Ligand SMILES: *Cc1c(COP(=O)(O)O)cnc(C)c1O
């Protein structure tokens with residue numbers, strides 16, 4: 001079978017999504033399933049929809065288009081603001097667009113008037129992580145202007161934490177977001193449909209005993225796909241962490257000195273492993289046919305006894321306890337960064353693992 005390949009266990013991803021939909025649903029929080037790490041995979045999308053997500057979201061217009069063209073009919077949200085010149089495409093592919101910029105909103109309004117389709121807007125507010133968001137003091141004004149603009153409907157407000165600076169979503173930010181929702185509602189004279197409290201990093205807050213305040217939506221990708229809490233990269237209780245595996249083939253396996261020889265400068269990707277860490281006599285050095293182009297070698301988990309020595313564009317060099325025949329397949333777990341790269345590399349194949357004996361699951 002072709003390598004490198006990602007093996008994707010849809011059943012486990014469905015289990016993860018279903019578990020989160022149920023646990024959060026009990027607290028009045030809906031799940032928006034985020035597909036960007038899967039390039040907007042329609043197969044993953046169908047799994048998430050069957051699990052009960054309220055809609056799907058992606059940061060790339062191209063991925064939303066792929067979802068739409070595959071026949072997905074749930075509401076689609078564009079997570080990353082389009083530039084003004086992408087407004088037409090954004091309005092054509094997304095039901096809801098997250099943005100912070102009034103010029104973008106006006107361009108979306110023009111696009112909506114051309115197509116006759118309302119564009120929902122979620123205005124993002126900055127609560128300290130310093131990625132996207134209007135400052136809290138400006139939120140109500142931006143929201144009111146969106147609310148009053150033809151072709152747009154103010155769907156709600158949202159925040160994004162723990163991405164750029166690793167700021168932990170806690171009760172304080174969720175209280176602030178909730179208070180802001182109330183202020184915006186009083187300005188526009190109606191309730192907001194969506195108060196979106198963040199990404200997988202907000203799960204710790206949402207699943208704790210604390211009440212959800214006004215937050216009624218989380219946008220979840222990593223936790224569904226990998227079963228991990230991004231704040232600590234530890235498993236979320238009750239979720240599968242092995243739904244996705246990368247498989248690569250051995251192309252060389254030889255006894256070699258652990259230490260390079262000759263005068264040393266930079267390797268293909270900058271600094272190389274310090275010589276001191278390598279002065280261990282002879283080792284079995286094995287090369288897997290996968291590289292920086294296909295995976296983040298710092299974000300994989302290899303079988304027991306196998307460790308990464310280094311990687312270049314196309315070669316992943318590992319130490320193995322035994323010499324392995326060329327063609328031997330080595331399986332590895334992936335973190336978010338490794339997954340993102342593997343999913344977007346045209347050199348990595350995908351092979352779905354469908355449950356064999358399990359009864360057919362309900363699909364919507
Ligand atoms: C990527 C992204 C998400 C999903 O993040 P996960 O950590 O994968 O759950 C949510 N919201 C925004 C704005 C994003 O860009």
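The values are calculated or read from the model by the stated rules, or taken from the named source; none is laboratory data. What you see is a predicted model; the values in this text were computed from it and never measured. We place every Cβ from the backbone using ideal geometry, glycine too, and count neighbours over all the protein chains shown.
What is the number of the single condition among (1) closer than 26 Å to residue 346 by Cα; (2) at pLDDT 95 or above that residue 1 does not meet?
The number of the failed condition is (2).
Being farther than 26 Å from residue 119 by Cβ and within 16 Å of the ligand (Cβ to nearest atom) narrows it down to one residue among 162, 172; which is it?
Within the list 162, 172, the selection yields 162.
Condition check: within 16 Å of the ligand (Cβ to nearest atom) and surrounded by fewer than 17 Cβ atoms within 10 Å (Cβ to Cβ). Does residue 120 satisfy that?
no
Within region 203-214, is even one residue out of contact with any helix residue (DSSP H, G or I) (no Cβ under 9 Å at 6 or more places or on another chain), within 13 Å of the ligand (Cβ to nearest atom), over 30 Å from residue 283 (Cβ atoms) and assigned by TED's automatic domain parsing to the domain that holds residue 15?
Yes; the residues of region 203-214 include at least one that is out of contact with any helix residue (DSSP H, G or I) (no Cβ under 9 Å at 6 or more places or on another chain), within 13 Å of the ligand (Cβ to nearest atom), over 30 Å from residue 283 (Cβ atoms) and assigned by TED's automatic domain parsing to the domain that holds residue 15.
Identify all residues within region 12-37 that are in a strand (DSSP E or B) and either away from the ligand (no atom under 14 Å from the Cβ) or surrounded by fewer than 23 Cβ atoms within 10 Å (Cβ to Cβ) (or both); write none if there are none.
30
In region 217-234, is there at least one residue being away from the ligand (no atom under 14 Å from the Cβ), under 20 Å from the mean Cα position of the chain (by Cα) and surrounded by 18 or more Cβ atoms within 10 Å (Cβ to Cβ)?
The answer is no; no qualifying residue exists.
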